[in-house]
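One structure is given here, and the rest of the page talks about it.
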Amino acid sequence: MSIVLRNARIVGAGGEPTDLLVSDGTISAIGGELSGDESVDLGGRFVVPGLWDNHVHLTQHALAQRRVDLSTTTSAAEAARVMGDAFRTAPPEAGLALVGFGFRDGLWPDEPSAALLDSHVHPVPVVLVSGDLHCCWLNSAALARYGYAGRSTGILREDEAFPVTAALRDVPDAVLDAWVSEAAQSAARRGVVGVVDFEMADNIPVWGRRFASGFDSLRISAGVYTEHLESAIGAGRFTGEVIEGTGGLLTMGPFKVLIDGSLNTRTAYCAHVYPGLELSDRAHGILTVPADELTALMARASAAGLLPAVHAIGDEANRIALDAFQAVGSGGRIEHAQLLLDADLPRFAALGVAASVQPEQAMDDRGVADRYWAGRTGRAFALRSHLDAGARLLLGSDAPVAPLDPWVTMAAAVARSRDGLEPWHPEQAISVAEALAASTNGRLRVAVGEAADLVVVDLDPLEAAPDALRAMPVAATMLAGRWTFSAL
């Protein structure tokens, strides 16, 4: 089966419209006078390589679309009122918790408490999941349900919060898979052909089930966590392995290990003390995996062919992660790399460690960073510095933390601004071409011999202003030579 895409403008190649021949899922020819079984006239539209989101939690992303939206709340009191309103207008089914998502309390003027939630919703269990996925706020009924009765603040962070978040996934497989499929189709409408999925689950069996049931919207690179590391090694899994029975769309991803928390939850592990937390047990944030344990885990995984991907947000966590990469000698990825010591920037390239970063989070967190990382934000979300130091950038969203939309991600990386605000540390901006390459696994332009993973857009992204880039009109998305979305 072959298809000719006529009158296509190849972004980055310049010149007049040309034709692309797609055969058996591959770009087999570019030029004039091409013929195939079918043809589609692109009308001079622009074609770029298919886009990847290099860090998502796809199940959490699908669930978040069905939870009470707390993303615009500016205080604990307001968030509690929103949950109360939601309970009155759309109470949960009997036995289920009422769940909200997206609160960011780093700049709130008041403190969350279980009693505050109780005053608006009681006795139904209520759980609010933070926008960074590292914190949950529960009312008394939910605290009792999940084994934390009497916790007056109602706040659970990091390893206490993750089991609660996992328990909230308790939806029948068929229902959850349908929601994930909808989310994947929405991503395809924005030009996404693949994601690296870091859902906290036994991901290969989960995705195997989904592909067996007909999922075919995206390529999935499925990560593995420490909990399932030994079973993955026992099964002979290795990063990049193509999983049988999935049409080549499912591959084994990296080994993911979290060693600190997040900025908004004030648990990212930093060299400096967080203002206001000087006397707490998390004055510097939280290191969740000791350095020697991290090195041992990475050595175990890399010896089996599983590439390490270390979640590190604070500067001290990043230093520890880079030390572990140096000790193991494996190369790999650091997820987030939000705050870095100046001395650590050149170590990424030297050690073969990619910086997997999420630029839109800088737009969400700039105020929190200015408060809690005051005087250090010049080395936060340091995209330009990474490239100048020779590091490889991988762009992503961490969805549902930020939108699963690479155009939004690229616009944030290029403009360092949103909502009419002045650019935040514009010296760390990168070019559209650099952002596009970091969103396509390094594919600079469509070329013969590559997989026919393509995006057709109405504007030349290399010439688009940041606002136009953020809202890029996507006309079609092709995955392995077939349309996953088309408005042509």
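The values are calculated or read from the model by the stated rules, or taken from the named source; none is laboratory data. In this text, all values refer to a predicted model and were calculated from it rather than measured experimentally. Please note: Cβ atoms are built from the backbone with ideal geometry, for glycine as well, and neighbour counts cover all protein chains shown. These accessible areas exclude ligands, DNA and RNA; they are computed on the full protein's heavy atoms, side chains included. Shrake-Rupley method; radii C 1.70, N 1.55, O 1.52, S 1.80 Å.
Which residue is most open to solvent (accessible area, probe 1.4 Å), if the candidates are limited to the range 212-221 and must be hydroxyl-bearing (Ser, Thr, Tyr) and outside any strand (DSSP E or B)?
Our first condition is that a residue be hydroxyl-bearing (Ser, Thr, Tyr); within the range 212-221, this holds for 213, 217, 221.
Retained after the next criterion (residues that are outside any strand (DSSP E or B)): 213, 217.
On the way: Ser213: 96, Ser217: 12 Å².
Only one residue tops the list, namely Ser213.
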query: If you scan the range 450-483, which residues turn out to be in a loop (DSSP other than H, G, I, E, B) and touching a Phe, Trp or Tyr at 6+ places or on another chain (Cβ under 6 Å)?
result: Asp460, Met472
query: Looking at (1) in contact with a helix residue (DSSP H, G or I) (Cβ under 7 Å, 6 or more places away or on another chain); (2) within 28 Å of Gly367 (Cα to Cα); (3) buried (at least 17 other Cβ atoms within 10 Å of the Cβ); (4) in contact (Cβ under 8 Å) with a residue 40 or more places away in the chain, which is the only condition Pro275 fails?
result: (3)
query: Taking the stated definitions as given, is Thr226 open to solvent by 60 Å² or more (accessible area, probe 1.4 Å), among the hydroxyl-bearing types (Ser, Thr, Tyr) and under 29 Å from Ala355 (Cα atoms)?
result: yes
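Check Leu20, Leu34 and return the single one that is more than 28 Å from the chain's Cα centre (by Cα) and at pLDDT 95 or above. First the steps, then the outcome.
Working: Leu34 fails: at pLDDT 95 or above.
Exactly one of Leu20, Leu34 is more than 28 Å from the chain's Cα centre (by Cα) and at pLDDT 95 or above, namely Leu20.
When only residues in the range 175-205 that are without any contact (Cβ under 8 Å) to a residue 24 or more places away in the chain and either among the hydrophobic types (A, V, I, L, M, F, W, C) or in contact with a His (Cβ under 7 Å, 6 or more places away or on another chain) (or both) count, which is surrounded by the most Cβ atoms within 10 Å (Cβ to Cβ)? It would help to see each step written out before you state the result.
Quick first cut of the range 175-205, residues without any contact (Cβ under 8 Å) to a residue 24 or more places away in the chain only: 175, 178, 205.
Applying the additional criterion that residues be either among the hydrophobic types (A, V, I, L, M, F, W, C) or in contact with a His (Cβ under 7 Å, 6 or more places away or on another chain) (or both) yields 175, 178.
Details: Val175: 9, Ala178: 15.
Among residues in the range 175-205 that are without any contact (Cβ under 8 Å) to a residue 24 or more places away in the chain and either among the hydrophobic types (A, V, I, L, M, F, W, C) or in contact with a His (Cβ under 7 Å, 6 or more places away or on another chain) (or both), the one surrounded by the most Cβ atoms within 10 Å (Cβ to Cβ) is Ala178.
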- request: Can you confirm whether the range 247-270 contains a residue that is in a loop (DSSP other than H, G, I, E, B), open to solvent by less than 60 Å² (accessible area, probe 1.4 Å) and among the basic types (Lys, Arg)?
  value: yes
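Mind listing just one residue for me: the one in the range 278-287 that is open to solvent by 40 Å² or more (accessible area, probe 1.4 Å) and in a loop (DSSP other than H, G, I, E, B) and, of those, nearest to Trp373 (Cα to Cα)? Give the derivation first.
Within the range 278-287, the subset open to solvent by 40 Å² or more (accessible area, probe 1.4 Å) is 278-281, 284, 286-287.
Narrowing the set further to residues that are in a loop (DSSP other than H, G, I, E, B) leaves 278-281, 284, 286.
Values: Glu278: 14, Leu279: 17, Ser280: 17, Asp281: 18, His284: 11, Ile286: 15 Å.
Of everything passing the filter in the range 278-287, His284 is nearest to Trp373 (Cα to Cα).
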- prompt: What are the pairs, 6+ residues apart or on separate chains, where a residue within the range 224-246 that is closer than 13 Å to Gly305 by Cα and modelled with pLDDT of 95 or more has its Cβ under 6 Å from a residue that is assigned to a loop (DSSP other than H, G, I, E, B) and open to solvent by less than 30 Å² (accessible area, probe 1.4 Å)?
  reply: Thr239/Leu306
statement: Glu33: passes all of (1) of a type outside the set (Gly, Ala, Ser); (2) outside any strand (DSSP E or B); (3) within 15 Å of Leu462 (Cβ to Cβ) but (3)
- prompt: Residues Leu143, Leu156: which one is touching a Lys or Arg at 6+ places or on another chain (Cβ under 6 Å), without any contact (Cβ under 8 Å) to a residue 40 or more places away in the chain and aliphatic (A, V, I, L, M)?
  reply: Leu143
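Which of the following residues is over 22 Å from Arg189 (Cβ atoms) and surrounded by fewer than 17 Cβ atoms within 10 Å (Cβ to Cβ): Arg237, Arg209?
Values: Arg237 fails: surrounded by fewer than 17 Cβ atoms within 10 Å (Cβ to Cβ).
Answer to the selection: Arg209.
Does Ala321 qualify as being closer than 17 Å to Val353 by Cα and in contact with an Asp or Glu (Cβ under 7 Å, 6 or more places away or on another chain)? So that I can check it myself, show each step before the final result.
Numbers: closer than 17 Å to Val353 by Cα: yes; in contact with an Asp or Glu (Cβ under 7 Å, 6 or more places away or on another chain): no.
Taking the combined requirement at face value, the residue does not satisfy it.
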query: Of the residues in the range 399-409, how many are open to solvent by 10 Å² or more (accessible area, probe 1.4 Å) and under 14 Å from Ala183 (Cα atoms)?
result: 4
Which listed residue is farther than 28 Å from His61 by Cα and open to solvent by less than 20 Å² (accessible area, probe 1.4 Å), from Val446, Val456: Val446
Pairs with Cβ under 9 Å, 6+ apart, first in the range 4-17 and on the phi > 0 side of the Ramachandran plot and part of a loop (DSSP other than H, G, I, E, B), second open to solvent by less than 60 Å² (accessible area, probe 1.4 Å) and not β-branched (Val, Ile, Thr): Gly12/Ala433; Gly12/Leu436
message: So, in the range 159-170, exactly how many residues are open to solvent by less than 30 Å² (accessible area, probe 1.4 Å) and in contact with a Ser or Thr (Cβ under 9 Å, 6 or more places away or on another chain)?
response: 1
- request: Kindly provide the set of residues from the range 378-413 that are over 29 Å from Gly100 (Cβ atoms), free of Cβ contacts under 8 Å to residues at least 60 places away in the same chain and not aliphatic (A, V, I, L, M), ordered by number.
  value: Gly378, Arg384, Ser385, His386, Asp388, Gly390, Arg392
- request: State all residues of the range 222-246 that are in contact with a Lys or Arg (Cβ under 9 Å, 6 or more places away or on another chain), among the hydrophobic types (A, V, I, L, M, F, W, C) and assigned to a strand (DSSP E or B); if no residue qualifies, say none.
  value: Val224
field: From the options Arg418, Arg392, residue that is under 18 Å from the mean Cα position of the chain (by Cα) and open to solvent by 50 Å² or more (accessible area, probe 1.4 Å)
entry: Arg392
query: Out of the residues in the range 333-386 that are of a type in the set (Val, Ile, Thr) and under 19 Å from the mean Cα position of the chain (by Cα), which is farthest from Ala402 (Cα to Cα)?
result: Val353
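Within the bounds of the range 407-416, is there any residue that is of a type in the set (Lys, Arg) and not in a strand (DSSP E or B)? Show your work before the answer.
Step one: filter the range 407-416 for residues of a type in the set (Lys, Arg), giving 416.
Now restrict to residues that are not in a strand (DSSP E or B): 416.
Checked against the condition, which is being of a type in the set (Lys, Arg) and not in a strand (DSSP E or B), the range 407-416 yields at least one hit.
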